[in-house]
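A short write-up of the structure that comes next.
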Amino acid sequence: MPLAAEPDDAHEEGEDQQLLLTAKGGPALEGLVVGSYCHDVLIRGGRIVGETLGGAAAFVSNVLDAASPREEEQGEAPFVVVSKVGRDFAYASAPAPARRPPLLCASPTTSFHAQFSDAAASAHAPDRELRRVRACDPIYPADLPDRRFAYGLAVGVAGEVLPETLERMIRLCHAVLVDAQALIRAFDGDGAVGHVALEDTPYARLLPRVAFLKASSEEAPYVGVETARRQCCVIVTDGRDGCRLYWDGGEARVAPFPAVQVDPTGAGDSFLAGFAAGLLWGLSATDAALLGNFFGAAAVSQVGVPTFHPKMLQAVKEILEEKIAKRSSPCINGTTFTFDRSSVHDELHAALQEAARLMPEQQQADPTNGNGGDICSV
Ligand SMILES: Nc1ncnc2c1ncn2[C@@H]1O[C@H](COP(=O)(O)OP(=O)(O)OP(=O)(O)O)[C@@H](O)[C@H]1O
Ligand SMILES: O[C@H]1[C@H](O)[C@@H](O)[C@H](O)[C@@H](O)[C@H]1O
């Protein structure tokens, strides 16, 4: 399957394609993450049980920083975040916004109330009702840096990634990954989050130029998987059941990792970033989804933006270095992605499962990481 961007998009104005997607040893693959940080208020039984930094950009940055391939001396992972908040933003010094500060607006920071119900403990019931109580300004095309990126992640939470902004991302980035929640959320007069059919939105015409579209199982019916898979690769995440990938001509189920869920917020965001990191490591889409599932499981194990134990991250890095060294050909070669499960898929799953054991250890060892642990246990 060709990459998302049409040839003229990412390479107009004489840009050198080799600079954008060069395999290991070359310049780092720089990413562009677009979507706003927000305030999340977690409510259970009418009582506030948590107030945390939210916004897909925060969860995505956290995982990209943790899992993107880079040389030791490179320091921070190479990606830019374009996000907007108001002067009331409460988490400017939290790691993700401190590393990549948001643009400051006159309007207030986007804010969500997530109402958890005890009755939602079944696997497929929506686990929370979301209400947007404040909305920051949208992100305009002119807010994006005027240069090229290897990849882009469109991860809005409240309609802030405008169609024209997504279009500009597609022009700037060699491959764009999109979270459907950025495209199909609708808000009633009370701020309650609902969905509209993707085909009825101005985003629909951009789909053939998107590489990967990720939707939760709740969002999937609004995306229209059978139509969308003919235009890009669609990934449907399904909570504790892992995920499925659908592309033109194939599909695959990717097994989950066990987790003790304390807060489902950010699972999808962390999945998408883990998946993107997997692609950057050179994995096929189906193999990269293992890394998505891994970080999705890690996200639900903590309240808010998770802290990863350095030992766990070191284990993941070593696993990837070892398994990828065994592969005969890289999957990102500047023109194509591969989708199928590779011969190392099962080994990779088993090895990551071992690494996942380091996550609960961390919670016991680090009670200061903000875990209330009483949001939504399974
Ligand atoms: N309870 C769980 N146990 C293990 N893995 C989980 C669990 N919940 C989520 N995950 C992982 O995270 C991925 C994304 O989760 P999910 O499908 O709930 O996304 P989402 O509904 O978009 O999440 P959110 O909107 O809360 O960020 C799943 O595909 C799975 O890999
Ligand atoms: O912080 C969260 C998170 O980013 C979720 O992905 C999104 O569904 C919510 O709206 C947001 O409040």
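For this structure, a couple of remarks:
- Here Ala58 qualifies as touching a helix residue (DSSP H, G or I) at 6+ places or on another chain (Cβ under 6 Å), within 13 Å of ligand 2 (Cβ to nearest atom) and at pLDDT 95 or above.
- When residues in segment 300-315 are screened for being farther than 15 Å from Pro95 by Cβ, of a type in the set (A, V, I, L, M) and within 18 Å of the chain's Cα centre (by Cα), 2 of them pass.
- Residues in segment 9-50 that are at pLDDT 55 or above and loosely packed, with under 15 Cβ neighbours inside 10 Å were compared, and the one that is farthest from ligand 2 (Cβ to nearest atom) is Pro27.
To keep it simple, each residue is scored yes or no on (1) open to solvent by less than 30 Å² (accessible area, probe 1.4 Å); (2) more than 16 Å from Ala56 (Cβ to Cβ).
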{"position": "Ser83", "(1), (2)": "yes, no"}
{"position": "Ala98", "(1), (2)": "no, yes"}
{"position": "Thr110", "(1), (2)": "yes, no"}
{"position": "Ser117", "(1), (2)": "no, yes"}
{"position": "Ala150", "(1), (2)": "yes, yes"}
{"position": "Ile170", "(1), (2)": "yes, yes"}
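- Some residue of segment 92-107 being away from ligand 2 (no atom under 11 Å from the Cβ), in a loop (DSSP other than H, G, I, E, B) and either in contact with a Cys (Cβ under 6 Å, 6 or more places away or on another chain) or modelled with pLDDT under 95 (or both): yes
- One residue from Thr335, Thr286 being out of contact with any Ser or Thr (no Cβ under 6 Å at 6 or more places or on another chain) and modelled with pLDDT of 95 or more: Thr286
- Which numbered condition Arg132 fails, given (1) within 22 Å of Val178 (Cβ to Cβ); (2) over 19 Å from the mean Cα position of the chain (by Cα); (3) away from ligand 2 (no atom under 14 Å from the Cβ): (3)
Table: residues versus (1) within 10 Å of ligand 1 (Cβ to nearest atom); (2) closer than 24 Å to Tyr151 by Cα.
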residue: Asp241; (1), (2): yes, no
residue: Arg244; (1), (2): yes, yes
residue: Asp248; (1), (2): no, yes
residue: Val262; (1), (2): yes, no
residue: Ser270; (1), (2): yes, yes
residue: Leu290; (1), (2): yes, yes
residue: Ala299; (1), (2): yes, yes
residue: Val305; (1), (2): no, yes
residue: Pro310; (1), (2): no, no
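The values are calculated or read from the model by the stated rules, or taken from the named source; none is laboratory data. Quick caveat, the model's predicted, so the values are computed rather than measured. All Cβ positions, glycine included, derive from the backbone under ideal geometry; neighbour counts span all protein chains shown. We work out accessible area using only protein heavy atoms, side chains counted, and drop any ligands, DNA or RNA first. Shrake-Rupley method; radii C 1.70, N 1.55, O 1.52, S 1.80 Å.
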